[in-house]
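Here's the structure we're looking at; comments come further down.
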2 protein chains.
Amino acid sequence: MAPLTSGKTRPIRLADIAKAAGVSHGTASNVFARPEIVREEVRERVKAAAEAMGYGGPDPKGRLLRAGKVNAIGVATAEPLSYFFDDPFARVMMASISQACDATGAGISLVSAANKEQLAWNIQSALVDGFIVFCVDGGSKLVELARDRKLPFVALDLDSDDDEAVAAIGVDNIAGAGLAARHLTELGHRRFAVLALPCADAGFGPTTREQMEKALYSGTRDRLRGYFAELSRVDIDVSHVPIYETVNDEESVWAGLDHIFAGAETPTAILAMSDRIALHALDWLRQRDITVPGDVSIVGFDGVPEGAVSKPPLTTIVQPIAEMGRLAVKAILENDGSPTSRQLLPVELLVRASSGPSPA
Amino acid sequence: MAPLTSGKTRPIRLADIAKAAGVSHGTASNVFARPEIVREEVRERVKAAAEAMGYGGPDPKGRLLRAGKVNAIGVATAEPLSYFFDDPFARVMMASISQACDATGAGISLVSAANKEQLAWNIQSALVDGFIVFCVDGGSKLVELARDRKLPFVALDLDSDDDEAVAAIGVDNIAGAGLAARHLTELGHRRFAVLALPCADAGFGPTTREQMEKALYSGTRDRLRGYFAELSRVDIDVSHVPIYETVNDEESVWAGLDHIFAGAETPTAILAMSDRIALHALDWLRQRDITVPGDVSIVGFDGVPEGAVSKPPLTTIVQPIAEMGRLAVKAILENDGSPTSRQLLPVELLVRASSGPSPA
DNA sequence: GCCAAAATTTGAACCGATCCAACGAAAGTG
DNA sequence: CACTTTCGTTGGATCGGTTCAAATTTTGGC
């Protein structure tokens, strides 16, 4: 039997419906976009034709071109896509971004990729009205790509001394780190160790202050500066404070602690550059029956919800994550060509149970 | 001073660049899409013109229309957008969906909305190649909307007796619930209570088996059937088992437990239709110094990671969430007009510490 | 029954690119 | 030198809609 229709049926277009219903395509368009201006009889006829031909409604691809606005904002990161759902900080941030989007009816497109070239292409071809860029890692490159799209965009947590011409929302990392360090020195601690975030794409391992000063990611650099400025202020010799660069995961944090606690003079206070690091550290310490805050105190950074239910609950520097998300969305959606700006939000010290007086 | 340029500058188009560089728009297009076929001198000239005019590269809106494929899949739910980042089940599912997308280079668009009309519009105008629909709540309506787009789509956890013609990936809720109930009866429990998922948009409160049989969402209905079939099998009078319908949040779960434990004959075993419910229940019980599993045992449903670290770790029915996500993405991306199908995946009982012998 | 006003409908223009058949020029061949 | 290739470029067609000024039909008033 010969097939009655060709195997590949071209999708039905609005024009097909119009022809079938015997109206112009202009009228057919109106039936879907502004039904009230079409005479009822015609409207029904067109709708019937659409139904009969299995037409799925006007294709947004077509509308988009004319309308110009996509009504969606892109959220980009150099991490794999699952970062948005795995990482505690990202999740809280995304939840607040999505609330702000919901409120205005905008959609969210997640933009990321397994490798760099793919990422570039994905950013170049993302159908969005603007970008929110997560700068945790590989920030500068990402910002560059986003800027090249010439769309409104705002960087979250961008390195503070990067190009001043990009809109960015971040927190005062130096002040926050200072708060954390001061809290511990006030509790009498003198022997510190720092568990750092990545400062480049280089992997993990012990590092030095000098290395960190060259860090590609200045969020990391600024936090270290904040820590050390405060420690120096109370005459602690920061050149002897071990710094271990992690990649924010369990493996590298545990390796860092192995390293730090292998030394003769173990710290009584740990400064962790993220709550995630601090939480992994808590697990490590518990496994070795090192009590917190009895033997060692630890202070995180971020203020993610998990810190409230950890054992013990985590003392940390809380970032106004929800506020940052809200501001970011606002910046994109209300972008009226206003001058790009850089907002530094304040952070707060939240004292919970992971920090206490120095045992010494 | 009169402005030198009009306030509103039309965005630069590829055609503008072509004109400026003195080439045809076809050649200009090639410079960006297939640079290797353009003579170097021309290529540089066009690129220079683009740079000079601040052109951000070919607008994907235009390309899209011609190319047809968006290279993104939409994930839709009737919950607010933040559901994707708040709900443990959704998060695990999204993580696996995003891994599958990453692997193929596809993007993800989150589709949702505050209200129903907005949701309909968002689905109709989403720029995606297909939909994965989360059917937790308001599933049928969502499936209908998605189907009307005439795009490939697959429903996750769709009500089992809904339209057979839609592709769906789900688990065997009846068998899973049976497993949970049997586990508890084998431990000697005879006095049960059920903490149910929503069965309609009706809010929360105590309900009956008859009400549940009419449930709009048959995931809920099937789990109840599974529980009761197993309980009946060992001669437990299910008409006396209290059922409390929650909305999967702390408030409604706690209200449910208040209600259930207000009765004279309190249960020794709780069947929770989701891990989230079970986790909230654990909190409630701990606050009242009711020990688990000493005084009461509880079994959840889903197998989210949080269940592994709760106090005590949660016995639950684990769904192959990662596998479901992978299959869903595959179904969308490989959609070749193959017959829509319905896949029921198996579940497993995972015994942890929240269930133990009946105290009686 | 005639005319202006109101209500509908039409069809061309446009949105911003990609694709491709056709063409011109330069290079190679006999 | 005529003749085929090869390479690069051109410009029109197309993707699937929306929009709007102009044309047409209806309605209403007298």
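Evaluating B:A90 against the criteria (1) of a type in the set (A, V, I, L, M, F, W, C); (2) farther than 18 Å from A:N122 by Cβ; (3) within 9 Å of chain A (Cβ to nearest Cβ); (4) free of Cβ contacts under 8 Å to residues at least 40 places away in the same chain leaves one unmet condition, (4).
When every residue of the stretch B:97-108 is checked against the conditions, at least one turns out to be more than 8 Å from chain A (Cβ to nearest Cβ), under 38 Å from the mean Cα position of the chain (by Cα) and closer than 30 Å to B:A200 by Cα.
Of everything in the stretch B:67-110, what is outside any helix (DSSP H, G or I), over 23 Å from B:D302 (Cα atoms) and aliphatic (A, V, I, L, M)? Give them in sequence order. Correct list: B:V70, B:A72, B:I73, B:A106, B:I108. Here the condition is being away from every other protein chain (no Cβ under 11 Å), in contact (Cβ under 8 Å) with a residue 24 or more places away in the chain and buried (at least 17 other Cβ atoms within 10 Å of the Cβ); of A:V133, A:V128, it holds for A:V133 alone. A Cβ distance below 7 Å, combined with a sequence gap of six or more or placement on separate chains, defines the contacts here; from the stretch A:25-47, residues that are within 14 Å of chain B (Cβ to nearest Cβ) and closer than 19 Å to A:G62 by Cβ reach residues that are assigned to a helix (DSSP H, G or I) and near DNA strand D (Cβ under 9 Å from one of its atoms) in the pairs A:K47/A:V31. Considering the stretch A:20-69, the residues that are of a type in the set (D, E, K, R) and more than 10 Å from DNA strand C (Cβ to nearest atom) include one that is nearest to B:R149 (Cα to Cα), namely A:D59. Among the residues of the stretch B:111-123, those that are assigned to a helix (DSSP H, G or I) and either under 16 Å from the mean Cα position of the chain (by Cα) or at the interface with chain A (Cβ under 8 Å from one of its Cβ atoms) (or both) comprise B:Q118, B:L119, B:N122, B:I123. Here B:L81 passes the criteria (1) more than 9 Å from every other protein chain (Cβ to nearest Cβ); (2) closer than 30 Å to B:D275 by Cβ except the one numbered (1). Residues in the stretch A:49-66 that are facing another protein chain (nearest Cβ under 7 Å) and part of a loop (DSSP other than H, G, I, E, B): A:G54, A:G56, A:G57. Checked against (1) more than 7 Å from chain A (Cβ to nearest Cβ); (2) surrounded by fewer than 23 Cβ atoms within 10 Å (Cβ to Cβ); (3) farther than 23 Å from B:K61 by Cα, B:P152 meets all criteria but (3).
Every number here is computed from the coordinates shown, using simple stated rules; none is lab data. Keep in mind that this is a model prediction, so the values were computed, not measured. Ideal geometry is used to build each Cβ from the backbone, glycine not excepted, and the neighbour counts take in all protein chains shown.
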